[in-house]
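K.L.:
Take this structure first; my questions come after.
The values are calculated or read from the model by the stated rules, or taken from the named source; none is laboratory data. Keep in mind it's a predicted model, so treat the numbers as computed, not measured. Using ideal geometry, Cβ is built from the backbone for each residue, glycine included, and neighbour counts are taken over all protein chains shown.
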């Protein structure tokens, strides 16, 4: 594995300290027993072809695009203007107030993409359509992220061959999944406080993520369906995607985060086989990147170094 930089950063002031990640096997067995790869190959084949110039124009605005013949999505696109050679970025977020209009480097195009529509509780989203995997909302979210990568690449002014991905919460897992499924089209990934869809820890215990706990509580009331539901959820388990990511990846975590517990973020991080960095903020609870004051500068510095092939972030 390439050089890794692991940092622990106090919220204020910023102090870099060493951080030892939890030990985890280098080769992680998949939690779904049958056709993880085949399932996602079939899923990707369901996406529709986009027009060569589905994006265009110089003004920012909302854009709609088809994902499959039955699914469409919407995002807010900010063209890069004269800076089209820089890697465009897709922000994948889950809450309406989590993105748009906070200070970002003005040297590239951005697409802001909410990974779910509506305001249904997260646990309900996890369960939607299960155990019929073809109707699962999580599958739709990941396919939407994949299609968004191709959408940005249809902009005639974009010259970069690959797209960068930034994700919040489960949006970070969507970003990791997209990078795993489309390695030749993804330049880098920033996973901010990644919240797993579902996984078991190294000792076999179920994730302590509250959204996942709610799922377990719901399905335990019906033992006949619980096995099939939990089995289907493993197709969206972050731990099945991260070993397949090839692009340089930055993980951001908070040691006071209960939605994406630090121990579980470290477990995911240890499964990465690509060039990777880790930043842990002391005292940080679960929050969108837009609420993290240090994020724009952290993003700028990490991109400046990773895109030139040098050593990456040293401290925000």
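K.L.:
Give just the number: which of (1) touching a helix residue (DSSP H, G or I) at 6+ places or on another chain (Cβ under 8 Å); (2) closer than 19 Å to residue 92 by Cα does residue 229 not satisfy?
P.N.:
The single condition residue 229 does not satisfy is (2).
K.L.:
Additional query: What single numbered condition from (1) under 27 Å from residue 183 (Cα atoms); (2) modelled with pLDDT of 90 or more fails to hold for residue 257?
P.N.:
(1)
K.L.:
For the stretch 291-306, state whether one or more residues are in contact with a helix residue (DSSP H, G or I) (Cβ under 9 Å, 6 or more places away or on another chain), farther than 24 Å from residue 179 by Cα and assigned to a helix (DSSP H, G or I).
P.N.:
So far as the stretch 291-306 goes, yes, one or more of its residues are in contact with a helix residue (DSSP H, G or I) (Cβ under 9 Å, 6 or more places away or on another chain), farther than 24 Å from residue 179 by Cα and assigned to a helix (DSSP H, G or I).
K.L.:
Looking only at the stretch 134-152, count how many residues are surrounded by fewer than 19 Cβ atoms within 10 Å (Cβ to Cβ), farther than 13 Å from residue 113 by Cβ and in contact with a helix residue (DSSP H, G or I) (Cβ under 8 Å, 6 or more places away or on another chain).
P.N.:
Of all residues in the stretch 134-152, those surrounded by fewer than 19 Cβ atoms within 10 Å (Cβ to Cβ) come to 134-135, 150.
Restricting the remaining residues to those that are farther than 13 Å from residue 113 by Cβ gives 134-135.
If we keep only those that are in contact with a helix residue (DSSP H, G or I) (Cβ under 8 Å, 6 or more places away or on another chain) as well, we get none.
Count: 0.
K.L.:
From the list 210, 243, which residue is surrounded by fewer than 18 Cβ atoms within 10 Å (Cβ to Cβ), under 27 Å from residue 274 (Cα atoms) and out of contact with any helix residue (DSSP H, G or I) (no Cβ under 6 Å at 6 or more places or on another chain)? It would help to see each step written out before you state the result.
P.N.:
Details: 210 fails: under 27 Å from residue 274 (Cα atoms).
Testing whether each residue is surrounded by fewer than 18 Cβ atoms within 10 Å (Cβ to Cβ), under 27 Å from residue 274 (Cα atoms) and out of contact with any helix residue (DSSP H, G or I) (no Cβ under 6 Å at 6 or more places or on another chain) leaves just 243.
K.L.:
How many residues are in contact (Cβ under 8 Å) with a residue 60 or more places away in the chain, surrounded by fewer than 24 Cβ atoms within 10 Å (Cβ to Cβ) and part of a helix (DSSP H, G or I) when one looks only at the stretch 153-199?
P.N.:
Adding up the residues that qualify gives 3.
K.L.:
A further question follows. Just wondering, is there one or more residues in the stretch 175-189 that are farther than 20 Å from residue 41 by Cβ and over 9 Å from the mean Cα position of the chain (by Cα)? Write out each step before concluding.
P.N.:
Step one: filter the stretch 175-189 for residues farther than 20 Å from residue 41 by Cβ, giving 187-189.
Filter again for over 9 Å from the mean Cα position of the chain (by Cα), leaving 187-188.
Yes.
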